[in-house]
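Heads up, the thing below is written out as structure tokens.
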Amino acid sequence: MKAIYILWLRQQKRYFRSRSRIVGSLGQPLLFLLALGFGFGPTFARAGGGSYIQFVTPGIISMAILFTAIFSGVELIWDRQFGFLKETFVAPVPRIIIVFGRALGGATVALMQGTVVLIVCVLAGFRFEHLALLPVAIGFMLLISLLFTAIGTSFGSVLEDMQGFQLIMNFLVLPLFFFSNALFPAQGLPKVLQAVVRINPLSYGIDGLRGALTHGFAFGLGVDVTTLGILAMILLTLGAYLFSRIQL
């Protein structure tokens, strides 16, 4: 437990030392919030969907968490290239403990990023419809953070080039976001797109957030929690296995 705490603390210190990273990772979600939230708001309201800010806020929060969590794998490649990972490997702890420590650290950073975006959304006009379910929303934010930190760790354990990691992540992250229910409701879509939304793990995180913060769970609370929980455990296990095979 001490080793996990030390690795978790190291991730937090690294994050707060990088002010440019904090500001940069907030830029894209805030751009989407302002451009889409206010730009599509009148059209969404005329279509009978209500306030678009209310609808899109869970998607924008998930976007901030997704990008921050999944790009934590870049830090793993960076540590390997500059020899910092060797210092970690010489510690008398199993590599699986190192993975869990790094994953918890990355997930905590992503959770804080999502919390900041949530506060900005409230300032922009978002209103809680079920304030008592706020702890449930935070739980979903944590599950999303763990899931995509595990994905970033898995890719970071296999790849050795930061440019290659960013290229692959762009082919993965953007489809995950746009082919989810972040920006539009899944109901009424063509059946093919509905199937794509259904197999997208991010959709269940957004649905859980939307249900806790605003109105109802489209897939069901139990389905959302079970899907995210199982996928997070599987991918954390995969990330630990791939990390254990790193050759320095």
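The values are calculated or read from the model by the stated rules, or taken from the named source; none is laboratory data. If you're wondering where the values come from, they're calculated on a predicted model, not measured in any experiment. Counting neighbours? That spans all protein chains shown, and the Cβs are built from the backbone with ideal geometry, glycine included.
Within segment 205-233, the set of residues being closer than 17 Å to Gly106 by Cα and free of Cβ contacts under 8 Å to residues at least 24 places away in the same chain comprises Met233 only. Can you go through Gly83, Gly59, Gly48 and tell me which one is closer than 20 Å to Gly125 by Cα, at pLDDT below 75 and either exposed (fewer than 13 other Cβ atoms within 10 Å of the Cβ) or under 24 Å from the mean Cα position of the chain (by Cα) (or both)? Matching residue, one of Gly83, Gly59, Gly48: Gly48.
Residue-wise test of (1) in contact with a helix residue (DSSP H, G or I) (Cβ under 7 Å, 6 or more places away or on another chain); (2) under 23 Å from Leu33 (Cα atoms).
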residue	(1), (2)
Phe179	yes, yes
Ala186	yes, yes
Gln194	no, no
Gly205	yes, yes
Leu209	yes, yes
His215	no, yes
Ala218	yes, yes
Gly222	no, no
Leu228	yes, no
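From the list Ala232, Ala240, the lone residue that is aliphatic (A, V, I, L, M), closer than 28 Å to Leu133 by Cα and surrounded by 20 or more Cβ atoms within 10 Å (Cβ to Cβ) is Ala232. The set of residues in segment 235-248 that are assigned to a helix (DSSP H, G or I), of a type outside the set (S, T, N, Q) and over 16 Å from Ala107 (Cα atoms) comprises Leu238, Tyr241, Leu242, Phe243. Residues that are among the aliphatic types (A, V, I, L, M) and within 10 Å of Phe179 (Cβ to Cβ) within segment 190-216 comprise Leu193, Val196, Val197, Ile199, Leu202, listed in sequence order. Considering every residue within segment 181-188, establish whether at least one is under 15 Å from the mean Cα position of the chain (by Cα), part of a helix (DSSP H, G or I) and more than 21 Å from Trp78 (Cα to Cα). Scanning segment 181-188, I find no residue that is under 15 Å from the mean Cα position of the chain (by Cα), part of a helix (DSSP H, G or I) and more than 21 Å from Trp78 (Cα to Cα), so the answer is no. Under the condition of being touching a helix residue (DSSP H, G or I) at 6+ places or on another chain (Cβ under 6 Å), over 19 Å from Val99 (Cα atoms) and not hydrophobic (A, V, I, L, M, F, W, C), the residues counted in segment 54-78 number 4. Looking at Leu7, is it touching a helix residue (DSSP H, G or I) at 6+ places or on another chain (Cβ under 6 Å) and either modelled with pLDDT of 70 or more or not in a helix (DSSP H, G or I) (or both)? When the stated conditions are applied, Leu7 does not pass them. The set of residues from segment 165-214 being surrounded by 15 or more Cβ atoms within 10 Å (Cβ to Cβ), modelled with pLDDT under 85 and among the polar types (S, T, N, Q) comprises just one member, Gln166. The set of residues from segment 113-125 being touching a residue at least 24 places away in the same chain (Cβ under 8 Å), in a helix (DSSP H, G or I) and either crowded, with 23+ Cβ neighbours inside 10 Å or not polar (S, T, N, Q) (or both) comprises Gln113, Gly114, Val116, Val117, Leu118, Val120, Cys121, Ala124.
Output yes when any residue across segment 130-152 is in contact (Cβ under 8 Å) with a residue 24 or more places away in the chain, not basic (Lys, Arg) and not in a helix (DSSP H, G or I), and no when none is. Yes, there is a match, as at least one residue in segment 130-152 is in contact (Cβ under 8 Å) with a residue 24 or more places away in the chain, not basic (Lys, Arg) and not in a helix (DSSP H, G or I).
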